[in-house]
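Worksheet: the structure to be examined is printed underneath.
The values are calculated or read from the model by the stated rules, or taken from the named source; none is laboratory data. For clarity, every value in this text was computed on a predicted model and none was experimentally measured. Here the Cβ positions follow ideal geometry from the backbone for every residue, glycine too, while neighbour counts run over all protein chains shown. What goes into the accessible areas is simple: the full protein's heavy atoms, side chains included, and nothing from ligands, DNA or RNA. Shrake-Rupley method; radii C 1.70, N 1.55, O 1.52, S 1.80 Å.
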Amino acid sequence: MGVVRERFRPDGSLSTEAMEALQRDIAEAAVLEDVLEVDATDVRDGDALVAGVDQAFLEDRAVSAVVVCEGETVVAREHATTPLSIPYVPGLLAFREGEPVLAALERLDVAPDVVLLDGSGRIHYREAGLATHVGVCLDAPTVGVAKSLLCGTPSAPIDALQEGERVPIEADGEMTAPDGDVVGYAYQRRQYPDSTTVNPLYVSPGHRVSVETAVEIVAAAGGEYKLPRPIRLADRYADEVKAEQA
DNA sequence: GCGACAG
DNA sequence: ATCTTGTCGC
C-alpha cells in the first residue's frame, strides 16, 4: 500500500500551529462510515486481512513493525526504521511516529482489508489521531486501539466492565467534535475472574470505518492478551527488530 | 491560572 | 515509549 495524499504526510519539521491546522484538514477528509470490503464477521471467520502496527524506540530512531493476519495465520510482515524528529507531545503523536509507520506499510506487498494501529483515531482533540492520520494518507480503512484515554468522557464508569463489554466515549469541551458525539468505545477484551484491576482498550475509528464497526472488528480480531493479535504480534516483532539494531 | 495528556 | 528482578497470582 502507499500514500495517495502527499499533502497530508506527517512532517516533523512543521510548526505546532501548522501541525494542528493539518490535523483539522485531515479530520475533515476522514470518512466515519464503513467503506471497506469486510465486516466483523469476516474478521472473526478468518476471511479478512487484518494488519497490526506498533513501534519500539531506540535513542534516536523509531522502529515500526506491521504484521498482517488472516485469522490466526500471519501472511506478511514488514518493518522500517527512521530517525526521530520531534519529542512526544500529546495530540501530535502522528508527527513523531507517522513517518516510520507509513514507511513500514509502504513496504507491504498485500493491501490489508483494515489496519489496526496502537494509538487513537477520532478520540483526539482535533479528531485526527495517529490512526486517522495514517488512514487518510493511505486512504485505507484504519482503527485506533489505545491502552489509555487521551481525551473524551466515558458515558458510564469504566471500572466495572466485564469481558466483552463496552462503554461509549463521548466528545467533550476540549475536543472539536460536537459535545456528546460518540467518538469511540472503552472495550474490555480480557478480564480476570476476581480481579479489581481494570484496563480496557480505547477503540476509535481512524478512516473509512464507523465507530460501531471499529469496536466490532477489534472484538473479532482475536488474541489471548489485552491487545488484539495483529497488534500484539507487531509489538513483539518491533521488539525483535529493536534488539537486532541495538 | 489549573489540570490533563495516545506513545 | 523506556529503564528493569523478582514476585504475586491464575
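Couple of notes before you dig in:
- For region A:159-173, Karplus couplings with θ = phi - 60° (6.51, -1.76, 1.60), whole Hz, Gly/Pro x: 8, 10, 5, 9, 3, x, 8, 9, 9, x, 10, 9, 5, 10, x
- In order through region A:26-33: 3J(HN,Hα) via Karplus (6.51 cos²θ - 1.76 cosθ + 1.60), integer Hz, x for Gly, Pro: 5, 4, 5, 7, 5, 9, 9, 10
- Exposure of A:Tyr125 as accessible area (Å², to 10), given a probe of 1.4 Å and all protein chains: 50
- Each Cα pair under 8 Å and six or more residues apart adds its separation to the average, and for chain A the resulting relative contact order is 24 percent.
- The share of C-alpha pairs in region A:109-246 whose separation exceeds 20 Å stands at 45 percent.
- Checking every one of the GluC sites (Glu not before Pro) in region A:28-109 against DSSP loop status and a limit of 15 other Cβ atoms within 10 Å picks out A:Glu33, A:Glu37, A:Glu59, A:Glu72.
- C-alpha center-to-center spacing [region A:150-177, region A:215-244] in angstrom: 23
- A viscosity of 1.306 mPa s and a temperature of 10 °C, combined with the Kirkwood radius over C-alpha pairs in the Stokes-Einstein formula, give region A:11-152 a diffusion coefficient of 103 µm²/s.
- Helix-only CD estimate at 222 nm, as mean residue ellipticity for chain A, using -39500 (n - 2.57) per DSSP H run (n ≥ 4): -8500 deg cm²/dmol
- Rounded percent of accessible protein surface that carbon and sulfur make up, region A:171-246, 1.4 Å probe: 45
- Chain A, accessible area per residue, ligands and nucleic acids excluded (1.4 Å, Å²): 43
- With all protein chains in place and a 1.4 Å probe, the accessible surface of region A:1-129 carries 45 percent carbon and sulfur.
- Overall shape of chain A was characterised from the C-alpha gyration tensor. The equivalent ellipsoid obtained from it has semi-axes of 24, 22, 18 Å, in decreasing order.
- Karplus-derived 3J(HN,Hα), 6.51/-1.76/1.60, for each residue of region A:101-110, Hz, glycine and proline x: 5, 5, 4, 5, 5, 5, 7, 6, 7, 8
- Of the chymotrypsin sites (Phe, Trp or Tyr not before Pro) in region A:48-124, the ones in a loop by DSSP (not H, G, I, E or B) with at most 16 other beta carbons within 10 Å are A:Tyr88.
- A Cβ-based charge dipole, computed about the Cα centre of chain A with Lys and Arg at +1 and Asp and Glu at -1, lands at about 460 debye.
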